[in-house]
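The values are calculated or read from the model by the stated rules, or taken from the named source; none is laboratory data. The model shown is predicted, which means the values in this text are computed figures rather than measured ones. Ideal geometry is used to build each Cβ from the backbone, glycine not excepted, and the neighbour counts take in all protein chains shown.
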Amino acid sequence: MKTTRIGWAGLGNMGVPMVNNLLKAGYPVQVYNRTRNKESDVVKAGAQSAAGLQALATDNEVIFVMVSDDEAAKQLFNTRDGLLSGNAEGKLFIHVSTVSPKTSLYLDECCQKQGALFLETPVSGSVKPAQDGTLIILAGGTLEAYEKAQPLLDVLGKMSIHTGPVGVGAAAKLAINYFLAINIQSLAETVLFAKANGVKTEDMLTIINEGAVGSGITKLKSPAILKGEFPAAFALKHIVKDLRLAKEQGLEAPLSTPLFDTFKEAQASGLGEEDLMAIFKYLDK
Ligand code: NA7
């Protein structure tokens, strides 16, 4: 059994498999999720349920936060009985959610005021790499915080990159998710264009995946396209959020506006909780 006591707030699609990997690696993990009954699976796997957010921070040495967006993260850190409401001095907060660099810098400042260390570690990869412990972790923060976090990051990912100070990891994450969105939408558009001209979807996916343009993401998403089922590995609403953040961060590239608009419209049509590959369903009309 490892001795570093870990707290984890946020047990969504990503949080659960990541906690499971820390448990499997022998770490004691205490958990908190806003909807508390969603803690039951990881508790069955050996985690403890924390009394609340304040207790999560005071009882543990390293506290991970993995929630939806900027507002959720700010709430968790700063509500009256939140993570920073007790004595947080000397704690290391590792913030895994995808948020804007501005929010990340703000959370870092809040932690510094309490004498705590802060590291942003958004991840590239969704549920499957989270389950397999093969995420790519984009760290931003001081070298001290990064080195302290490294043994835990090694459990969660196949690699971590210390990209620079707080904010740079968040920016790297927005950039890679822009690339992801382009890949997903272009895959959907290509297959639909081919289908409209008599090419079987299965054949078109084979042509893509066996050739130089095939990639990890085209291979990963092909079964969902063939089945026509899109359970969320990475919810479409999250890519809308990330594209919004990227645009707020200055992304004005030619593809960015139509891409953002299409995913936004798909979300408005009711596909927000499905996987981002459900853009295929939205465009297939
Ligand atoms: P999910 O599966 O949508 O899970 C979101 C989590 O965030 C879940 O635990 C939510 O708790 C929690 N959440 C959302 N809003 C709040 C507020 N206001 N307060 C507390 N907790 C909240 O997301 P993923 O796990 O796929 O992704 C997480 C991040 O990684 C996200 O930034 C992605 O872009 C990448 P709930 O269960 O609803 O009570």
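Does ALA181 satisfy the criteria of being within 17 Å of the chain's Cα centre (by Cα) and assigned by TED's automatic domain parsing to the domain that holds ALA278? Quick ask: steps written out before the conclusion?
Values: within 17 Å of the chain's Cα centre (by Cα): yes; assigned by TED's automatic domain parsing to the domain that holds ALA278: yes.
Yes, satisfied.
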Hey, among the residues in the range 229-262 that are polar (S, T, N, Q) and outside any loop (DSSP other than H, G, I, E, B), which one's surrounded by the fewest Cβ atoms within 10 Å (Cβ to Cβ)? THR257
What number of residues within the range 107-123 satisfy the criterion of being touching a Phe, Trp or Tyr at 6+ places or on another chain (Cβ under 9 Å) and either of a type in the set (Gly, Ala, Ser) or not in a helix (DSSP H, G or I) (or both)? 5
Can you pull out the residues in the range 204-218 that are in a helix (DSSP H, G or I) and surrounded by 13 or more Cβ atoms within 10 Å (Cβ to Cβ)? MET204, LEU205, THR206, ILE207, ILE208, ASN209, ILE217, THR218
Does the range 124-134 contain at least one residue that is of a type in the set (Val, Ile, Thr) and either without any contact (Cβ under 8 Å) to a residue 24 or more places away in the chain or assigned to a strand (DSSP E or B) (or both)? no
Applying the selection to the range 47-61, what residues are closer than 11 Å to ALA9 by Cα and in contact with a Lys or Arg (Cβ under 8 Å, 6 or more places away or on another chain)? SER49, ALA57
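Can you pull out every residue in the range 155-194 that is among the charged types (D, E, K, R) and without any contact (Cβ under 8 Å) to a residue 60 or more places away in the chain? First the steps, then the outcome.
Step one: filter the range 155-194 for residues among the charged types (D, E, K, R), giving 158, 173, 189.
Within the range 155-194, just LYS158 meets the criteria.
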ASN87 being within 18 Å of ALA116 (Cα to Cα), more than 14 Å from the ligand (Cβ to nearest atom), outside the structural domain of GLY250 (by TED's automatic domain parsing) and surrounded by fewer than 20 Cβ atoms within 10 Å (Cβ to Cβ): yes
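Does GLU202 qualify as being acidic (Asp, Glu) and either in contact (Cβ under 8 Å) with a residue 12 or more places away in the chain or within 16 Å of the ligand (Cβ to nearest atom) (or both)? Steps first, please.
Values: acidic (Asp, Glu): yes; either in contact (Cβ under 8 Å) with a residue 12 or more places away in the chain or within 16 Å of the ligand (Cβ to nearest atom) (or both): yes.
Against the criterion (acidic (Asp, Glu) and either in contact (Cβ under 8 Å) with a residue 12 or more places away in the chain or within 16 Å of the ligand (Cβ to nearest atom) (or both)), GLU202 qualifies.
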(1) assigned to a loop (DSSP other than H, G, I, E, B); (2) hydroxyl-bearing (Ser, Thr, Tyr); (3) within 14 Å of the ligand (Cβ to nearest atom): which one isn't true of SER104, the others all being true? (1)
Pick from the range 128-168 the residues that are within 17 Å of VAL62 (Cβ to Cβ) and of a type in the set (S, T, N, Q): which of them is surrounded by the most Cβ atoms within 10 Å (Cβ to Cβ)? SER160
I need a count of the residues in the range 134-149 that are out of contact with any helix residue (DSSP H, G or I) (no Cβ under 9 Å at 6 or more places or on another chain) and under 15 Å from MET18 (Cα atoms). 1
Look at PRO129 and say whether it is within 16 Å of the ligand (Cβ to nearest atom) and of a type outside the set (A, V, I, L, M, F, W, C). yes
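Just give me the residues in the range 59-83 being near the ligand (Cβ under 10 Å from one of its atoms) and among the hydrophobic types (A, V, I, L, M, F, W, C), in sequence order. I'd like the intermediate steps shown before the answer.
Step one: list which residues in the range 59-83 are near the ligand (Cβ under 10 Å from one of its atoms), which gives 65-76, 79, 82.
Those that are near the ligand (Cβ under 10 Å from one of its atoms) and among the hydrophobic types (A, V, I, L, M, F, W, C): VAL65, MET66, VAL67, ALA72, ALA73, LEU76.
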Residues of the range 25-58 classified as part of a strand (DSSP E or B), within 11 Å of the ligand (Cβ to nearest atom) and of a type in the set (Val, Ile, Thr), total: 1
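Considering only residues that are within 22 Å of MET18 (Cβ to Cβ) and either over 17 Å from the mean Cα position of the chain (by Cα) or assigned to a loop (DSSP other than H, G, I, E, B) (or both), which ones fall in the range 59-83? Walk me through how you get there before you give the answer.
To start, the set of residues in the range 59-83 that are within 22 Å of MET18 (Cβ to Cβ) comprises 59-77, 82-83.
Scanning the range 59-83 gives ASP59, ASN60, GLU61, VAL62, MET66, VAL67, SER68, ASP69, GLN75, PHE77, GLY82, LEU83.
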Go through the range 132-142 and give me each residue that's under 24 Å from LEU107 (Cα atoms) and either more than 12 Å from the ligand (Cβ to nearest atom) or β-branched (Val, Ile, Thr) (or both). ILE136, ILE137, ALA139, GLY140, GLY141, THR142
